[in-house]
Amino acid sequence: MEQRRQVVGLFAIACFALPVVAQSANKNDAGAANVSYVRCGALLDGKSERARANVVIEIVGEKIEKVLDRAPADAANVIDLSGETCLPGLIDTHTHVLLQGDITAADYDEQLLKQSPEYRTILATVNARRALEYGFTTIRDLETEGAGYADVDVKKAINNGVIPGPRMQVSTRAMDVTGSYPLLGYAPNVPVPHGVQVVDGADGGRKAVREQIMYGADWIKVYSDRSYRVREDGVLDDIPTFTLEELKAIVDETHRERHKVASHAMALQGVHNSVEAGVDSIEHGNYIADEDVKTMAARGIFYVPTIFVGAYVAEGRAAAGAPVWVKMMAIHEDTFRRALKGGVKIAFGTDAGGFAWTVNPAKEFSYMVKWGMTPEQAIRSATSSAAELLGWSDQVGAIEAGKFADIVAVAGDPLKDVTVLEKVDFVMKGGSVVRRP
Ligand SMILES: [Zn+2]
């Protein structure tokens, strides 16, 4: 029993995958049978600016061994993608596998009130599989929206090879202050679930950090603002949730425990407080003041802009009586362009789950390019830059020796037309083929 668990844990092979090669349990067994090759018409390695033509990736077990010009003459196990462009497995740094789209408050309330956490977890396993099949071999899942620590179990099931899915970093319950996060608007005598852990005070924040990390959180997620309105001067204003003192305590406690903080901050004060408190990533950042753009660039605080979800929910939320969501798109574009020019590190994140998982999150690429990134920059935001945000630069985000063999491929040239990334037709995770053209 113990032996079996060890082997499964070591390799985390998804059982569903068609293994390219037999994976051996012992590194010393790594012989010819454990070696495979992927022949690519072109390679974007996640780091260099240009594509390299006609490349062969040598894979031993679950890792990339070498990148070659051609396969050895006696090579067996060659996957021929000579008509395709290969890239590192994509990374989405802002997802919600426990959520099925919430354009309106009613959509959200319905999920928390009528679906048990167990049922939501079953749906999450389907979403994890979808993410992987779209080409996202790694995700950072930024809170379960009322489903407790279910993300820790989804991650565990993937790592143990029980279900297919991407490599995951998870943030469990997230935090917000009393009166700020749905479900809201119910009578005081009606107890309703909350989408977050409700936390007040600096000590309350520290305790919640300790608790969430104890139960498996890789990241701490905070909601730093709410209630958005456009001021007369065009600045997107908000109501900050946590005080600066509370945020600083949460960040300090998280960093003390060698973890990182992601802050949902969409507007002026939420972003400013988060930057001052020293968070590691700003999520959404629809409006960021010039002063905070400078601080983010100087301190290496990541910006995860999640553009597509804004466009996706804007019309629905406007129809439900919140036209601010439509105006926010123009403000967001201006912010994105200023952040890009100001040298802020930008990581690809989509908020998938905020929109239905049947929609491919890779649509985000086209928005990033429309708003001023080159396709190459947009791709790097979802590969090497995203890996840096996750602290996994030594494992994923590039195609080079020593990294996991997480490889995707598309027909066509993503540097000419980034939308081809919405049609990934080859996915390999850790040396195992998930999907073939
Ligand atoms: Zn989100």
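Restricting the count to DSSP beta bridges whose residues both fall in the chain, what percent are antiparallel, rounded to a multiple of 5?
Values: 31 of 63 bridges.
Around 50 percent antiparallel, to the nearest 5.
Taking every alpha carbon pair in the stretch 192-335, what does the distance histogram look like in 5 angstrom bins from 0, in percent? Calculated over all Cα pairs of the stretch 192-335, the distribution is 2, 10, 19, 22, 19, 14, 10, 5, 1, 0 percent.
Quick one: plug the Kirkwood hydrodynamic radius of the stretch 33-82 (C-alpha pairs) into Stokes-Einstein at 25 °C, 0.890 mPa s, and report D in µm²/s. Display every interim value, and only then the final one.
Numbers: Rh = 11.1 Å.
Here the translational diffusion coefficient equals 220 µm²/s.
For the chain, the longest principal axis of the C-alpha atoms and the axis of helix 105-114 are separated by about 70°. Pairs exceeding 20 Å between alpha-carbon atoms, taken from 221/341; 47/155; 207/345; 155/429; 370/403: 221/341; 47/155; 207/345; 370/403.
What number, rounded to the nearest 500 deg cm²/dmol, is the helix-based mean residue ellipticity at 222 nm of the chain, given -39500 (n - 2.57) per DSSP H run of at least four residues and division by all its residues?
Details: 13 runs with 146 residues, N = 437.
When only DSSP H runs of four or more count, the value is -10000 deg cm²/dmol.
Overall, the stretch 282-330 carries a charge dipole of about 60 debye about its Cα centre when +1 sits on the Cβ of Lys and Arg and -1 on the Cβ of Asp and Glu, all other atoms neutral.
Pick out, in residue order, every one of the chymotrypsin sites (Phe, Trp or Tyr not before Pro) in the stretch 119-204 that is DSSP loop and has at most 12 other C-beta atoms within 10 Å; say none if there are none.
Values: sites: 119, 134, 136, 149, 186; in loops: 149, 186.
Filter output for the stretch 119-204: 186.
Can you send over the carbon and sulfur percentage of the accessible area for the stretch 180-233, probe radius 1.4 Å, protein chains only?
Solvent-exposed carbon and sulfur of the stretch 180-233 make up 50 percent of the total.
Kirkwood hydrodynamic radius computed over the stretch 272-399 comes to 15.1 Å, based on all pairs of distinct alpha carbons. Of the Cα atoms belonging to the stretch 210-273, the radius of gyration and Dmax stand at 13.6, 45 Å. Angle of helix 324-341 to the longest C-alpha principal axis of the chain, folded into 0 to 90 degrees and rounded to 10: 60°. Per residue, the chain exposes an accessible area of 41 Å² to a 1.4 Å probe, with every protein chain left in place.
Would you kindly calculate the translational diffusion coefficient of the chain, applying Stokes-Einstein with the Kirkwood radius from alpha carbon pairs, for 10 °C and a viscosity of 1.306 mPa s, and quote it in µm² s⁻¹ without decimals? Walk me through the numbers before you get to the answer.
Numbers: Rh = 22.2 Å.
The estimated diffusion coefficient comes to 72 µm²/s.
Judged by the mean number of other Cβ atoms found within 10 Å, the most tightly packed of the peptides 279-287, 298-306, 61-69 leads the ranking 279-287, 298-306, 61-69. So what's the angle, to the nearest 10 degrees on a 0 to 90 scale, between helix 268-277 and the longest Cα principal axis of the chain? Approximately 60 degrees, to the nearest ten.
If a/c stays under 1.5 just call it rounded; otherwise compare a/b with b/c (prolate if a/b is bigger, oblate if not). Do that for the stretch 357-437, with a ≥ b ≥ c from the square roots of the Cα gyration tensor eigenvalues. Cα axes put the stretch 357-437 in the oblate bin.
If R0 is 45 Å, the Cβ-Cβ spacing of residue 324 and residue 74 corresponds to a FRET efficiency of close to 0.10. Packing-based ranking of 323-330, 269-276, 204-211 yields 269-276, 204-211, 323-330, ordered from highest to lowest mean Cβ neighbour count within 10 Å.
Dividing the convex hull volume of the alpha-carbon atoms in the stretch 111-266 by its residue count gives 143 Å³ per residue.
Expressed as a fraction of 2.2 N^0.38 Å, the rule-of-thumb size for a compact globular protein of N residues, what is the C-alpha radius of gyration of the stretch 39-124?
With N residues counted in the stretch 39-124, Rg over 2.2 N^0.38 Å equals 1.76.
The values are calculated or read from the model by the stated rules, or taken from the named source; none is laboratory data. Quick caveat: nothing in here was measured; it's all calculated off a predicted structure. In this analysis, Cβ positions are derived from the backbone assuming ideal geometry, glycine residues included, and neighbour counts consider all displayed protein chains. To get the accessible areas, we keep the full protein, side chains included, count just its heavy atoms, and leave off ligands, DNA and RNA. Shrake-Rupley method; radii C 1.70, N 1.55, O 1.52, S 1.80 Å.
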